[in-house]
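Heads up: the structure comes next, in structure tokens.
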Amino acid sequence: MIGRLKRRPEFLRVAGLRCKWATPGLILQAAPTALMSQLPPSVTDTAVVVQKDEQPAGAMLRVGFTCSKKVGNSVARNRARRRLRAVAAEILPVHGTPGYDYVLIGRQETLRRPFALLLQDLQTALKRVGSPRNGSSGAKSHGRQDGPEAP
């Protein structure tokens, strides 16, 4: 089952772990799903608690989509997000890891890139960020990182 990331704190938490991979068509950020006990009380509202009762937080794969104004006007950004949703719907059920949150970030090339290459981009990024299903140890050893690690 694939859930959605919709709130800004969820996106910021995934970005804060700095586990990401950039491809020509998209940028993928990944983070293990936060357990309900680790969230501050202000974040655990009734909607999240209902979701927890339906299925354990660690067993669900969630994804969020975003595009900045660098991609273009609102029409272009919405089109890029629609393309990312279509790619995620095909690839994540097969190659995604339950218990992870993914954020797909659109780029200018997302609009022009052939759909088959976008599918490849997401598969490559999933392998590079490293998750248990893919058998790699994570982006710290295989993926790109922005800037030096803070001590």
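None of the figures in this text is laboratory data; all of them are computed from the coordinates on show. In this text, all values refer to a predicted model and were calculated from it rather than measured experimentally. Counting neighbours? That spans all protein chains shown, and the Cβs are built from the backbone with ideal geometry, glycine included.
A few points about this structure:
- Extension gain for S68-Q108 works out to 13.5 nm (0.36 nm per residue, less the C-alpha to C-alpha distance).
- With each label modelled as a point 7 angstrom along the Cα→C-beta vector, the A34-I2 pair spans 2.3 nm.
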